[in-house]
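Contents: one structure, followed by commentary.
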Amino acid sequence: MDLPEWNTKELTPGQLSERSGVAVSALHFYEREGLISSRRTSGNQRRYKRDVLRRVAFVRLSQRVGIPLAEIRDALSTLPDGRTPTRSDWARLSSRWHADLDRRIDQLTRLRDDLTNCIGCGCLSLASCTLANPHDALGTEGPGARVIDVEID
Ligand code: FES
């Protein structure tokens, strides 16, 4: 496929796919999901403004770090219409997720450390293994049922 001239203002779906590395079917999906938009030619063919390339890159990178599409769409909806997003626009959008990414990194770090301990152990004890029973917050209070509140007459 021929790459577009450097000063081309609009891209066909094939050109956008080639430049972004994203399949045309995925671009159509992004459009249906409201992440990118296009105009239609008189022949009903899609044309994307050149700055859609950055939107596609933003979507792909955000997905790679686990941001749900709905959150990506919300973030992109804050960009001004009719103006190419600036570097500070992109920085502002990505900063929204720093706290969430930090929290997930902490979780993975704890999981990694627990895994290191468990590989040497292998017991998978429901009473004491945080990997075998990771959501047992009440287990730190002792064995047995901790939240059953039954009145016995
Ligand atoms: S395998 Fe023994 S504590 Fe996790």
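The values are calculated or read from the model by the stated rules, or taken from the named source; none is laboratory data. Bear in mind the structure is a predicted one, so any value in this text is a computation, not a measurement. Here the Cβ is made from the backbone with ideal geometry for all residues, glycine too, and neighbour counts use every protein chain on show. Just so you know, the surface numbers come from the protein's heavy atoms only, side chains and all, with ligands and any DNA or RNA stripped out. Shrake-Rupley method; radii C 1.70, N 1.55, O 1.52, S 1.80 Å.
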For this session: Specify which of the listed residues (Asn7, Asn44) is part of a loop (DSSP other than H, G, I, E, B) and at pLDDT 90 or above.
Result: Asn44
Seminar exercise, completed: The lone condition His135 fails out of (1) of a type outside the set (A, V, I, L, M, F, W, C); (2) within 16 Å of the ligand (Cβ to nearest atom); (3) on the phi > 0 side of the Ramachandran plot is (3)
Exercise. Going by the structure shown, is Arg47 in contact (Cβ under 8 Å) with a residue 24 or more places away in the chain, outside the structural domain of Leu108 (by TED's automatic domain parsing) and among the charged types (D, E, K, R)?
Worked result: yes
Exercise. Within the stretch 73-132, which residues are hydroxyl-bearing (Ser, Thr, Tyr), more than 22 Å from Ala57 (Cβ to Cβ) and more than 16 Å from the ligand (Cβ to nearest atom)?
Worked result: Thr109
Exercise. Can you name every residue in the stretch 106-126 that is open to solvent by 100 Å² or more (accessible area, probe 1.4 Å) and under 28 Å from Glu71 (Cβ atoms)?
Worked result: Leu108, Arg110, Arg112
Problem set entry | In the stretch 71-99, the residues that are open to solvent by less than 50 Å² (accessible area, probe 1.4 Å) and not in a loop (DSSP other than H, G, I, E, B) | Ile72, Ala75, Leu76, Asp89, Trp90, Leu93, Ser94
Exercise. Filter the stretch 16-27 for residues that are of a type outside the set (Gly, Ala, Ser) and touching a Leu at 6+ places or on another chain (Cβ under 7 Å); which is surrounded by the fewest Cβ atoms within 10 Å (Cβ to Cβ)?
Worked result: Glu18
